[in-house]
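Novice: Pasting a structure below so you can have a look.
The values are calculated or read from the model by the stated rules, or taken from the named source; none is laboratory data. Since this is a predicted model, take the numbers as computed values, not measurements. Positions of Cβ are generated from backbone atoms using ideal geometry, with glycine treated the same way; all protein chains shown enter the neighbour counts.
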Amino acid sequence: MGTELTRNFSIIAHIDHGKTTLSDRLLELTQTISEREKQDQLLDSMDLERERGITIKSHPVTMAFPSKDGKTYRMNLLDTPGHVDFSYEVSRSLAACEGALLLIDAAQGVEAQTVANVQLALNQNLTVLPVINKIDLPSADVDKCKQQLEDILAIPAEEALLTSGKTGIGIEDLLEAVVERVPPPKEWDDDILRASVFDSVFDTYRGVISYVRVMSGSIARGQRIKMLATNKTYEVKEVGVFTPKMLKQDALNEGDVGYIIANVKSTSDVKIGDTITDSIKPASEPLPGFKEIQPMVFAGIYPVTTDDFEQLKLAMGKLQINDAALSYQAESSAALGFGFRCGFLGLLHMEIVLERLRREFDMDVISTHPGVIYEVDLTNKTSITIDNPTQMPEPQEIEEIREPVVKVFILIPNDNIGDVMQLVMEKRGEVVNTETLDDTRVMLTAVLPLNEILIDFNDRLKSMTRGYGSMDYEHDGYRAANLVKMDMNISGEPVDAFSTIVHREKAESYGRQLAKKLREVIPRQLFVVAIQASVGGKIVARESISAMRKNVTAKCYGGDISRKRKLLEKQKEGKKKMKSIGRVNIPQEAFIQVLKST
Ligand code: GTP
C-alpha cells in the first residue's frame with residue numbers, strides 16, 4: 001500500500017495562540033468526534049494540563065479528510081508538548097511528521113516560543129505552513145503578522161493561511177493546504193520494519209502503550225519486535241490508531257501513526273526516540289536522532305512527616321512507571337530525614353511531579369532547592385558529574401567546574417531593553433544578539449547559566465515588561481564557571497538541606513538572604529544561636545538569634561498544676577517535630593518555610 005493518501009503533521013504554537021481550539025475544529029470538520037464527545041477539549045486530557053493550560057503529553061489523532069480533489073486522505077495530527085522541558089519529546093514528535101502548522105495569534109504576533117519551535121521544525125526538514133489564527137479578533141493585525149513572518153522567520157508572507165479556530169473561518173482551506181503542501185511520507189526501498197517511538201503512556205489495564213510512526217515496513221499483532229536501544233524483544237498484542245480513542249487495526253503500515261501494545265511493563269523500558277524493528281528481520285541501524293533523556297534539574301523530595309517515607313517510596317515507584325523521565329534515588333538529610341534525590345527535565349516537570357504526589361497520592365512533601373548537574377574535572381585527572389551540593393569535592397581537589405548553559409530567546413517591547421539587559425547581566429548572562437522586530441519590539445538572544453533562570457527569571461521578565469515579554473530557551477552545552485559550595489551553619493553545625501552550589505560572587509548576597517530568613521523562622525533558644533553562611537570554611541554572612549529563657553509555665557502563676565502539666569505535655573509533643581541541629585532545636589516547619597520562600 002502506498003503512502004500518497006497519508007499526511008502527518010503537527011501544530012506548533014506559542015501558549016494561548018489557539019492550538020487546542022484549532023485542533024478541535026479540525027476534528028469536528030472531519031467528523032472525527034461527535035458533538036457529544038466535544039464537551040471538553042479533547043486533546044488536552046490530563047487535569048493538570050487543563051488547569052495550567054499547557055500540553056504535557058502528546059496525543060496523536062487520525063482523521064479522514066475528503067479533499068476537493070475527490071480523494072479521502074488519512075491525516076495524522078500529532079500534538080506536541082508546549083514547554084521547553086519537553087523539547088526532546090517535541091523533536092521526536094516532529095521527526096514523525098512531514099509538515100508543521102505554525103500558528104500565530106493575529107493579535108499577538110510572533111512570540112519567543114514561535115521562534116524556538118520553527119528552528120526545531122526546520123532542523124527536522126519539515127514543511128512549515130504559517131497560519132495566522134484568531135483573525136476574527138477586532139485587534140487582529142494580519143499585515144503585521146505577515147511582516148513578522150518575513151522579517152523574523154524568513155517565511156514568505158504569501159504562504160500564510162488565515163484562520164479562526166473560534167468561528168471556523170479558513171479551516172477547510174487549511175486542511176486542503178496540508179494535502180497540497182505537506183509531502184506524503186517517504187517510501188522506503190525495503191519493507192523492513194522501522195518504527196519510531198515518539199511517546200509512551202502507562203495504562204493500568206493494558207500496560208505500556210507506545211506511540212509510534214512507522215517509517216518503513218509494517219507491524220501487526222503477533223509479530224515479534226525488537227527495541228534497538230535496549231535490545232529487548234516483545235510480542236505485539238495489539239496495534240491501532242487514535243480516533244482519538246484507541247481503535248484496533250490489523251496492521252500499521254509505512255507512513256502510519258498509531259500505537260503498539262506489547263508486553264512491556266514500565267515506560268522506562270520504552271525509550272522515546274528508539275527504533276522498533278522486527279526481531280527476525282531487523283533493521284541494521286536505528287533511525288537517526290535517538291538520545292537517552294537526561295534529567296537537567298535536581299532536587300530532594302522529603303515527606304513532611306518522616307513516617308510517610310515508605311508511602312512516598314511507593315508513590316515515586318508508581319509515578320515513574322508512567323513518567324520515564326523522572327529519576328529518583330533514596331537519600332537522607334540530617335535536617336529533613338529520609339527522602340529522595342530526584343532528577344527532572346526542568347522546573348515545570350518538577351512542579352508537575354510535586355503536584356501529582358500531592359493530588360494523586362495525597363502526600364505532604366517538601367522539596368529542597370532545585371539545582372542543576374555540574375561537570376567537575378579533578379586534579380587527579382578524572383572527571384565526575386554532581387547533582388547534589390553534598391557531592392562537591394574539596395576546593396583543592398577541583399581543577400575546573402562546568403555548568404549547563406542555555407540560549408534564551410527573549411521578545412520584549414523596545415522600552416524594556418535596558419531593564420532586561422540588566423536582568424540578564426545580573427543573572428550572569430550575556431546578550432549575544434539584538435534584533436529589531438518591528439517598531440515596538442526587539443528580540444534579544446542571550447546565553448545564561450541554566451541555574452540562574454530556574455527560579456525567578458521568567459517572573460521578573462514578565463513583571464518588568466508588564467506581561468508583554470516572552471521567552472523560550474534551548475540547551476547550549478556546558479561552560480566553566482567559578483562555582484563554590486556554600487554551607488549554612490547553625491551554632492557551628494552544617495545544615496545539609498541548605499547547602500547550595502553558587503557562583504563565588506553571589507555567595508555573599510545569597511548567604512545573607514538565607515541567614516536572614518533563618519533568623520526569622522528559628523525560635524529563640526536558651527542560648528545565643530549563630531547562623532553563618534560559609535564557603536570553604538570562610539564565613540561570608542552571619543546573623544544571630546539572642547537567647548531567651550523559654551518558660552511555658554510562666555503564665556500559670558504557679559497555681560493550676562494540671563494546666564501546667566498539660567502545657568509541659570504539649571511542649572514535649574512539640575519537641576518531637578523538632579529537628580535538633582547540634583544543641584539547637586528547630587521546628588520542621590521552619591525548614592519548610594525557608595525552603596519555600598528562598
Ligand atoms: P496552550 O494549550 O496553553 O498552548 O493554549 P492553546 O494554544 O491550545 O490555546 P487555546 O486553544 O486553549 O486558546 C487560548 C484562548 O484563545 C482561549 O481563550 C480560546 O477561547 C481563544 N481562542 C482560540 N482560538 C481563537 C480564535 O480563533 N478566535 C478568538 N477570538 N479566540 C480564540
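Novice: Looking for something touching a Gly at 6+ places or on another chain (Cβ under 7 Å) and under 17 Å from Pro184 (Cβ atoms) - is there at least one such residue anywhere in the range 66-89?
Specialist: Initially, the range 66-89 is screened for residues touching a Gly at 6+ places or on another chain (Cβ under 7 Å), giving 84-85.
After this cut, where a residue has to be under 17 Å from Pro184 (Cβ atoms) as well, the list is none.
No - not one qualifying residue is present in the range 66-89.
Novice: While we're looking at this one, here's another question. Do the conditions hold for Val178, that is, is it buried (at least 23 other Cβ atoms within 10 Å of the Cβ) and assigned to a helix (DSSP H, G or I)?
Specialist: yes
Novice: Moving on to the next point. Could you check the range 128-140 and list, in sequence order, the residues that are surrounded by 16 or more Cβ atoms within 10 Å (Cβ to Cβ) and either of a type in the set (Ser, Thr, Tyr) or part of a strand (DSSP E or B) (or both)? Before you say what the answer is, go through the steps one by one.
Specialist: Residues of the range 128-140 that are surrounded by 16 or more Cβ atoms within 10 Å (Cβ to Cβ), as a first pass: 128-135, 140.
Listed by number, the residues that qualify are Val128, Leu129, Pro130, Val131, Ile132, Asn133.
Novice: Can you name the strands (runs of 3 or more DSSP E) wholly within the range 345-407 that have at least 3 residues being in contact (Cβ under 8 Å) with a residue 40 or more places away in the chain? Even if it seems obvious, please write down each step before you answer.
Specialist: On the way: elements: 365-367, 374-378, 383-386.
Hits in the range 345-407: 365-367.
Novice: Go through (1) within 16 Å of the ligand (Cβ to nearest atom); (2) β-branched (Val, Ile, Thr); (3) farther than 15 Å from Val131 by Cα for Ile192 and report which single condition fails.
Specialist: (1)
Novice: For the list (1) in a helix (DSSP H, G or I); (2) acidic (Asp, Glu); (3) in contact with a strand residue (DSSP E or B) (Cβ under 7 Å, 6 or more places away or on another chain), I need the number of the one condition that Glu254 fails.
Specialist: Going through the list (1) in a helix (DSSP H, G or I); (2) acidic (Asp, Glu); (3) in contact with a strand residue (DSSP E or B) (Cβ under 7 Å, 6 or more places away or on another chain), Glu254 breaks only (1).
Novice: So which residues in the range 92-127 are within 16 Å of the ligand (Cβ to nearest atom) and in a strand (DSSP E or B), if there are any at all?
Specialist: Listed by number, the residues that qualify are Ala100, Leu101, Leu102, Leu103, Ile104, Asp105.
Novice: Next up: Restricting attention to the range 414-441, and to residues there that are of a type in the set (A, V, I, L, M, F, W, C) and touching a strand residue (DSSP E or B) at 6+ places or on another chain (Cβ under 7 Å), which single residue is surrounded by the fewest Cβ atoms within 10 Å (Cβ to Cβ)?
Specialist: Pass one, the range 414-441, residues of a type in the set (A, V, I, L, M, F, W, C): 417, 420-421, 423-425, 431-432, 437.
Those left that are additionally touching a strand residue (DSSP E or B) at 6+ places or on another chain (Cβ under 7 Å): 417, 420-421, 424, 431-432, 437.
Details: Ile417: 15, Val420: 22, Met421: 18, Val424: 22, Val431: 17, Val432: 11, Leu437: 19.
Within the range 414-441, the match that is surrounded by the fewest Cβ atoms within 10 Å (Cβ to Cβ) is Val432.
Novice: Filtering the range 4-19 down to residues that are surrounded by fewer than 22 Cβ atoms within 10 Å (Cβ to Cβ) and within 14 Å of the ligand (Cβ to nearest atom), which residue is modelled with the highest pLDDT?
Specialist: By that ranking, first place goes to Asp16.
Novice: Then there is this: Tell me, please, whether a residue that is modelled with pLDDT of 90 or more and within 15 Å of the ligand (Cβ to nearest atom) can be found in the range 55-62. Outline the logic, then answer.
Specialist: Just the residues of the range 55-62 that are modelled with pLDDT of 90 or more, to begin with: 61-62.
Now narrow it down to the ones that are within 15 Å of the ligand (Cβ to nearest atom): 61.
Yes, some residue in the range 55-62 is modelled with pLDDT of 90 or more and within 15 Å of the ligand (Cβ to nearest atom).
Novice: Considering only residues that are more than 21 Å from Tyr88 (Cα to Cα) and not in a loop (DSSP other than H, G, I, E, B), which ones fall in the range 335-344?
Specialist: Taking the range 335-344 first, the residues more than 21 Å from Tyr88 (Cα to Cα) are 335-341.
Gly337, Phe338, Gly339, Phe340, Arg341 - these are the residues of the range 335-344 that are more than 21 Å from Tyr88 (Cα to Cα) and not in a loop (DSSP other than H, G, I, E, B).
Novice: Now for a separate question. For residues in the range 20-42 being more than 8 Å from the ligand (Cβ to nearest atom) and in contact with an Asp or Glu (Cβ under 7 Å, 6 or more places away or on another chain), which is modelled with the highest pLDDT? Talk me through it step by step, then tell me what you get.
Specialist: To start, the set of residues in the range 20-42 that are more than 8 Å from the ligand (Cβ to nearest atom) comprises 25-40, 42.
Subset that is in contact with an Asp or Glu (Cβ under 7 Å, 6 or more places away or on another chain): 29, 38, 42.
Values: Leu29: 90, Lys38: 56, Leu42: 49.
Filtering first and then ranking leaves Leu29.
Novice: Right, here's the next one. Can you tell me which condition Ala157 does not meet? The list is (1) within 16 Å of the ligand (Cβ to nearest atom); (2) within 27 Å of Ala95 (Cα to Cα), and all the others hold.
Specialist: Answer for Ala157: the failing condition is (1).
Novice: Then there is this: For the condition within 16 Å of the ligand (Cβ to nearest atom), in contact (Cβ under 8 Å) with a residue 24 or more places away in the chain and out of contact with any Phe, Trp or Tyr (no Cβ under 7 Å at 6 or more places or on another chain), what is the one hit in Lys226, Lys166, Lys186? Even if it seems obvious, please write down each step before you answer.
Specialist: Numbers: Lys226 fails: within 16 Å of the ligand (Cβ to nearest atom); Lys186 fails: within 16 Å of the ligand (Cβ to nearest atom).
Only one candidate passes the filter, namely Lys166.
Novice: Filter the range 288-312 for residues that are over 21 Å from Ala324 (Cα atoms) and touching a residue at least 24 places away in the same chain (Cβ under 8 Å) and give the result.
Specialist: Listed by number, the residues that qualify are Pro303, Val304, Thr305, Thr306, Asp308, Phe309.
Novice: So, one more: Which numbered condition in (1) surrounded by fewer than 16 Cβ atoms within 10 Å (Cβ to Cβ); (2) closer than 15 Å to Pro60 by Cα; (3) touching a residue at least 12 places away in the same chain (Cβ under 8 Å) is the only one that Leu252 fails?
Specialist: (1)
Novice: Within the range 279-308, track down each residue that is surrounded by fewer than 17 Cβ atoms within 10 Å (Cβ to Cβ) and not in a loop (DSSP other than H, G, I, E, B).
Specialist: Answer for the range 279-308, where residues must be surrounded by fewer than 17 Cβ atoms within 10 Å (Cβ to Cβ) and not in a loop (DSSP other than H, G, I, E, B): Thr306, Asp307.
Novice: Out of everything in the range 235-245 that is touching a strand residue (DSSP E or B) at 6+ places or on another chain (Cβ under 7 Å) and over 19 Å from Thr6 (Cβ atoms), what residue ends up being surrounded by the most Cβ atoms within 10 Å (Cβ to Cβ)? Break it down into steps so the answer makes sense when it comes.
Specialist: Going residue by residue through the range 235-245, those that are touching a strand residue (DSSP E or B) at 6+ places or on another chain (Cβ under 7 Å) are 235-244.
Subsequent filtering for residues that are over 19 Å from Thr6 (Cβ atoms) retains 235-238.
Working: Glu235: 12, Val236: 19, Lys237: 14, Glu238: 16.
Among those residues, the one meeting the criterion is Val236.
Novice: Name the residue, out of Ser333, Ser327, that is over 28 Å from Tyr473 (Cβ atoms) and among the hydroxyl-bearing types (Ser, Thr, Tyr).
Specialist: Numbers: Ser327 fails: over 28 Å from Tyr473 (Cβ atoms).
Sole residue among the options that is over 28 Å from Tyr473 (Cβ atoms) and among the hydroxyl-bearing types (Ser, Thr, Tyr): Ser333.
Novice: Exactly one condition in (1) more than 17 Å from Ser367 (Cα to Cα); (2) among the hydrophobic types (A, V, I, L, M, F, W, C); (3) in a helix (DSSP H, G or I); (4) in contact with a strand residue (DSSP E or B) (Cβ under 7 Å, 6 or more places away or on another chain) is not met by Ile272; state its number.
Specialist: The single condition Ile272 does not satisfy is (3).
Novice: Return yes or no: is Thr275 among the hydroxyl-bearing types (Ser, Thr, Tyr) and in contact with a Pro (Cβ under 8 Å, 6 or more places away or on another chain)?
Specialist: Values: among the hydroxyl-bearing types (Ser, Thr, Tyr): yes; in contact with a Pro (Cβ under 8 Å, 6 or more places away or on another chain): yes.
Against the criterion (among the hydroxyl-bearing types (Ser, Thr, Tyr) and in contact with a Pro (Cβ under 8 Å, 6 or more places away or on another chain)), Thr275 qualifies.
Novice: Considering only the range 486-516, how many residues are assigned to a strand (DSSP E or B) and farther than 22 Å from Asp387 by Cβ?
Specialist: To start, the set of residues in the range 486-516 that are assigned to a strand (DSSP E or B) comprises 486-490, 493-494, 500-503.
Those left that are additionally farther than 22 Å from Asp387 by Cβ: 489-490, 493.
Residues in the range 486-516 being assigned to a strand (DSSP E or B) and farther than 22 Å from Asp387 by Cβ: 3 in total.
Novice: Being within 28 Å of Leu357 (Cβ to Cβ) and either of a type outside the set (S, T, N, Q) or buried (at least 20 other Cβ atoms within 10 Å of the Cβ) (or both) narrows it down to one residue among Ile260, Ile225, Ile276, Ile272; which is it? First the steps, then the outcome.
Specialist: Values: Ile260 fails: within 28 Å of Leu357 (Cβ to Cβ); Ile225 fails: within 28 Å of Leu357 (Cβ to Cβ); Ile276 fails: within 28 Å of Leu357 (Cβ to Cβ).
Among Ile260, Ile225, Ile276, Ile272, only Ile272 is within 28 Å of Leu357 (Cβ to Cβ) and either of a type outside the set (S, T, N, Q) or buried (at least 20 other Cβ atoms within 10 Å of the Cβ) (or both).
Novice: Just to be sure before I move on: is Val521 surrounded by 21 or more Cβ atoms within 10 Å (Cβ to Cβ), modelled with pLDDT under 90 and not basic (Lys, Arg) in the structure I sent? Walk me through it before giving the result.
Specialist: On the way: surrounded by 21 or more Cβ atoms within 10 Å (Cβ to Cβ): no; modelled with pLDDT under 90: yes; not basic (Lys, Arg): yes.
The answer is no for Val521.
Novice: From the residues in the range 442-474 that are outside any loop (DSSP other than H, G, I, E, B) and of a type in the set (D, E, K, R), which one is surrounded by the most Cβ atoms within 10 Å (Cβ to Cβ)? Can you show your working first?
Specialist: Pass one, the range 442-474, residues outside any loop (DSSP other than H, G, I, E, B): 442-453, 457-464, 470-474.
Then keep just the ones that are of a type in the set (D, E, K, R); that gives 452, 459-460, 462, 472, 474.
Details: Glu452: 21, Asp459: 9, Arg460: 16, Lys462: 14, Asp472: 24, Glu474: 13.
So the residue we want is Asp472.
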